[in-house]
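Taken together, the values in this text are just the output of simple stated rules run on the coordinates, not laboratory data. Keep in mind that what you see is a predicted model, and the values were worked out from it rather than measured. In this analysis, Cβ positions are derived from the backbone assuming ideal geometry, glycine residues included, and neighbour counts consider all displayed protein chains.
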Amino acid sequence: EAGRRAWELDRRHVFHSWQAQGPFTPMTVLKAEGSYVWDGEGNRLLDFSSQLVNTNIGHQHPRVVAAIQGQAGKLCTIAPQHANDARSEAARLIAGLTPGDLDHIFFTNGGADAVEHAIRMARLHTGRHKVLSAYRSYHGGTQLAVNVTGDPRRFANDYSAEGVVHFMPAYPYRSYFGAASEAEETERALRHLEDMILLEGPQNIAALILESIPGTAGIYVPPAGYMEGVRELTARHGIVFIADEVMAGFGRSGKWSAIEHWDVVPDLLTFAKGVNSGYVPLGGVAISDAIFETFRERAYPGGLAYSGHPLACAAAGATINAMQDEGMVEHAARLGEEDFGPGLRRVAERHPSVGEVRGAGCFWAVELVKNRESREPLAAYGGSSAGMNELVAALKAGGMLPFANFNRIHVVPPLNIGAEDARAGLDILDRALEVADRHVRG
């Protein structure tokens with residue numbers, strides 16, 4: 001009864017993001033715990049989406065719930081110009097996990113405004129304006145962040161007024177450079193990026209922003225040498241390198257920061273989502289010493305009323321401590337190496353609809369195609385299809401809450417999911433892919 005009332009009030013009053021409001025039929029969630037959610041009919045679903053790939057420690061972790069409750073009893077909120085112990089401790093913990101000298105933390109309300117402020121800092125630091133960003137990327141839904149984004153969600157909001165220039169990413173499976181190997185992809189993608197920098201004028205470019213491992217855009221892990229090459233190009237031309245770790249960070253890829261997979265330290269690093277598993281909205285920018293010095297005596301012209309909100313920061317501190325004490329990042333790495341990687345490759349061998357599986361840790365994509373030779377996607381870029389809709393329905397009927405985007409299913413469960421549940425999820429996916437196989441053309 002409570003679920004029905006929630007659904008009726010939702011349909012009457014709630015305006016949903018990224019949806020046509022009329023035909024949308026949201027799933028009601030009555031309960032969530034660990035790696036599971038219960039829908040409005042009481043069905044238990046294995047959460048292989050981590051919601052928006054943010055509940056990295058699962059639902060209702062008792063240590064984080066207790067930390068929020070304890071903080072609420074002590075100090076619910078305070079203006080950001082005042083120091084408070086929850087924010088100070090969260091900043092200390094985050095600075096201890098970020099690579100290199102990214103030891104200064106500016107807190108935001110989420111990932112999009114972290115991107116907005118990182119770009120603002122880069123522009124003020126360099127005195128330049130342009131921003132380079134890859135196609136097939138996602139950086140947030142606010143005005144600048146959605147223009148920096150390189151996927152179709154940008155189109156309706158893109159007026160070419162934000163100083164953003166997009167370049168082709170390194171994406172071996174669908175190479176834009178005709179590469180036949182990872183080495184060729186790296187070489188040609190870096191040559192393309194260098195050409196873009198020279199053609200746009202390096203003296204005009206404030207920042208280059210890149211997801212360490214692109215998330216919603218496809219979890220395509222950069223080929224060997226690419227990230228190091230990007231870092232070298234940006235350093236050579238005095239361009240601020242922003243690593244977007246909003247989705248890939250805080251253990252998702254089996255490292256605290258996904259950029260740790262390479263010997264690279266960015267100038268700025270954006271985070272959100274997994275920093276406190278989404279229990280209370282929180283994001284931020286980790287800032288290098290050089291950029292911090294720009295604002296030592298010069299006021300930074302930006303802020304947010306809820307920057308470093310005590311409840312959110314208490315949740316972050318508890319999340320990080322729980323992840324460390326329970327070895328969640330190491331567990332995610334093992335799951336990727338021992339369960340998801342081998343298991344998904346076996347699934348791919350059995351299903352002609354699977355063009356490629358790729359990923360790391362608890363961060364994997366299954367790319368679905370109508371034909372393996374032509375690599376024609378099961379759904380068009382920026383859209384869906386009958387085949388994908390049938391597959392999502394089959395996954396839900398099998399007991400899974402999936403993450404689907406265009407022609408892909410993303411395997412992105414909580415980092416502390418048990419190995420038995422992880423394998424159960426792969427079994428559900430294996431059975432459901434028989435639906436996708438029916439759409440394969442010879």
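Name the most mobile residue of VAL246, VAL14, VAL354, meaning the one with the largest mean-square fluctuation, in a Gaussian network model of the chain with Cα contacts below 10 Å.
VAL14
Take the Cβ-Cβ distance between ARG298 and GLU420 as r, set R0 to 41 Å, and report the resulting FRET efficiency rounded to the nearest 0.05.
Details: r = 55 Å, r/R0 = 1.33.
With a Förster radius of 41 Å, E is 0.15.
If you average the C-alpha positions of segment 184-229 and of segment 274-304 separately, how far apart do those two centres end up, in angstrom?
24
Less than 12 Å apart at the alpha-carbon level, and either on another chain or at least 8 residues along: which aspartates and glutamates does that give for LYS255?
GLU245, GLU330
Out of the chymotrypsin sites (Phe, Trp or Tyr not before Pro) in segment 19-81, which ones are loop residues according to DSSP with at most 15 other C-beta atoms within 10 Å?
Those that pass, being in a loop and sparsely packed, are PHE24.
Stretched out fully, how many nm does the piece from LEU199 to HIS82 gain, at 0.36 nm a residue minus the Cα gap?
So the chain would gain 37.6 nm between LEU199 and HIS82.
Roughly what % of DSSP beta bridges within the chain run antiparallel, to the nearest 5?
About 65 percent, rounded to the nearest 5.
LYS74: which lysines have alpha carbons under 30 Å from its alpha carbon, excluding same-chain residues fewer than 8 sequence positions away?
Here the lysines satisfying the reach criterion relative to LYS74 are LYS31, LYS273.
Taking loop as defined by DSSP and a crowding limit of 11 other beta carbons within 10 Å, which GluC sites (Glu not before Pro) in segment 1-99 fit?
Taking segment 1-99 and a limit of 11 other Cβ atoms within 10 Å, the loop GluC sites (Glu not before Pro) found are GLU1, GLU41.
Check cross-link reach from LYS370 to the lysines: straight Cα distance under 26 Å, and skip same-chain residues fewer than eight apart.
LYS370 reaches LYS396.
DSSP loop GluC sites (Glu not before Pro) in segment 345-379 with at most 11 other Cβ atoms within 10 Å of their Cβ, which ones?
Passing sites in segment 345-379 are GLU373.
Between ASP430 and ALA397, with labels modelled 7 Å along Cα→Cβ, what's the label distance in nm to one decimal, could you check?
Taking the two extended label points, one gets 2.0 nm.
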